[in-house]
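The values are calculated or read from the model by the stated rules, or taken from the named source; none is laboratory data. Worth saying up front: this structure is predicted, and the values here are computed from it rather than measured. In this analysis, Cβ positions are derived from the backbone assuming ideal geometry, glycine residues included, and neighbour counts consider all displayed protein chains.
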Amino acid sequence: MVVLVRSMTGYGRHTQSLDGRLIGVEVKSVNHRYLEYSARLPKGCGFLENRLKAFVQQKITRGKVDVAVTIERIGGAQLTVRVDQALADGYVEALRALAQRYCLKQDIDAAAVAAYPEVLVVEKEQEDEEALWDAVRQTAETAFGRLLEMREQEGANLKRDLLRRAQDIDFMVKEIEVRSPQTVQAYKERLQARMKELFAEPDYQEARLYGELVLFTDKVSVAEETVRLRSHLSQMRAMLESQEAVGRKLDFLAQEMNREANTIGAKAADAQIAYMVVDIKAEVEKIREQIQNIE
């Protein structure tokens, strides 16, 4: 089954007449971390529960899904009425004994006997389970088709929004990559000035110079972080074109993007970069919110 980017929110309904029955299937889905399924079935149709659950699992991988099934006989249910002969015999014998013992008139008639509890038994025609499931499945196919269509439409909107935000982040990362060497140069100049001071000190130690150099390299270089952040953005774009459900993967990727942004902000001692990092983190947070809607 081909899976596009889908929202977890949707609705579908279909009703049709099949094999003398009016079958209705209504399905709703909302956000959920995993797949959660519940169904409302007509009385006596509990045998549909497991089959319907397996059907849903083939269609949906994530979300809270509620299914309601209605089944009505066209022209009413097929009923038969039979007489419980043993019970009727018991009532008649008891009435005769009662009349004889108390010298009563024996005016027993069929209507009087039939009025006694459970003498007449109404029986409903037994359902053909396979035929009924086939009718429900056909109806559910259309209802779920409409549900998935709505989820895909919303998913397309989410995809466009995520790609736009990824583009905005990519632009800001490029700006940081342009700005970062300037901050490195400024820091280098400050370091050189500090080195001159160190050389002038009588207790100058070479180890202290190396310490400053290590601090310099570790503190201001954000090249690795920007490369990883751009890689995460590239992975996100690829996932949005994937033919599988990617909501959970995207959620993890967004966490990694936020981690890289935090590191850039901590390492780059520059006000302009700090402002851009704040904007990047805001976009990543919006991405994470949107991803919560994706299957």
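Data for the structure
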{"quantity": "Members of the stretch 247-288 that are out of contact with any helix residue (DSSP H, G or I) (no Cβ under 7 Å at 6 or more places or on another chain) and either of a type in the set (V, I, T) or in the same structural domain as L35 (by TED's automatic domain parsing) (or both)", "calculated": "V278"}
{"quantity": "Residues of the stretch 259-295 satisfying the condition of being free of Cβ contacts under 8 Å to residues at least 12 places away in the same chain and among the hydroxyl-bearing types (S, T, Y)", "calculated": "Y275"}
{"quantity": "Among (1) farther than 30 Å from N258 by Cβ; (2) assigned to a helix (DSSP H, G or I) - the single one Q106 does not satisfy", "calculated": "(2)"}
{"quantity": "First in the stretch 95-110 and among the small types (G, A, S), second anywhere and surrounded by 10 or more Cβ atoms within 10 Å (Cβ to Cβ), Cβ under 9 Å, 6 or more apart", "calculated": "A99/I108"}
{"quantity": "Cβ pairs under 8 Å, 6+ apart, first in the stretch 3-14 and under 8 Å from E152 (Cβ atoms), second assigned to a strand (DSSP E or B) and of a type in the set (G, A, S)", "calculated": "none"}
{"quantity": "Residue that is surrounded by the most Cβ atoms within 10 Å (Cβ to Cβ), among those in the stretch 20-55 that are in contact with a helix residue (DSSP H, G or I) (Cβ under 8 Å, 6 or more places away or on another chain) and in a helix (DSSP H, G or I)", "calculated": "L48"}
{"quantity": "Tally of residues being part of a helix (DSSP H, G or I) and crowded, with 20+ Cβ neighbours inside 10 Å across the stretch 266-282", "calculated": "4"}
{"quantity": "Counted residues, the stretch 235-249 - those being hydrophobic (A, V, I, L, M, F, W, C) and free of Cβ contacts under 8 Å to residues at least 60 places away in the same chain", "calculated": "2"}
{"quantity": "Odd one out for V113, checked against (1) at pLDDT below 95; (2) assigned to a strand (DSSP E or B); (3) of a type in the set (A, V, I, L, M)", "calculated": "(2)"}
{"quantity": "From M172, M195, residue being surrounded by 11 or more Cβ atoms within 10 Å (Cβ to Cβ) and modelled with pLDDT of 90 or more", "calculated": "M172"}
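Per-residue answers, yes or no, for (1) under 57 Å from the mean Cα position of the chain (by Cα); (2) over 18 Å from L148 (Cβ atoms):
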residue: Y37; (1), (2): yes, no
residue: K43; (1), (2): yes, yes
residue: Q57; (1), (2): yes, no
residue: Q106; (1), (2): no, yes
residue: A114; (1), (2): yes, yes
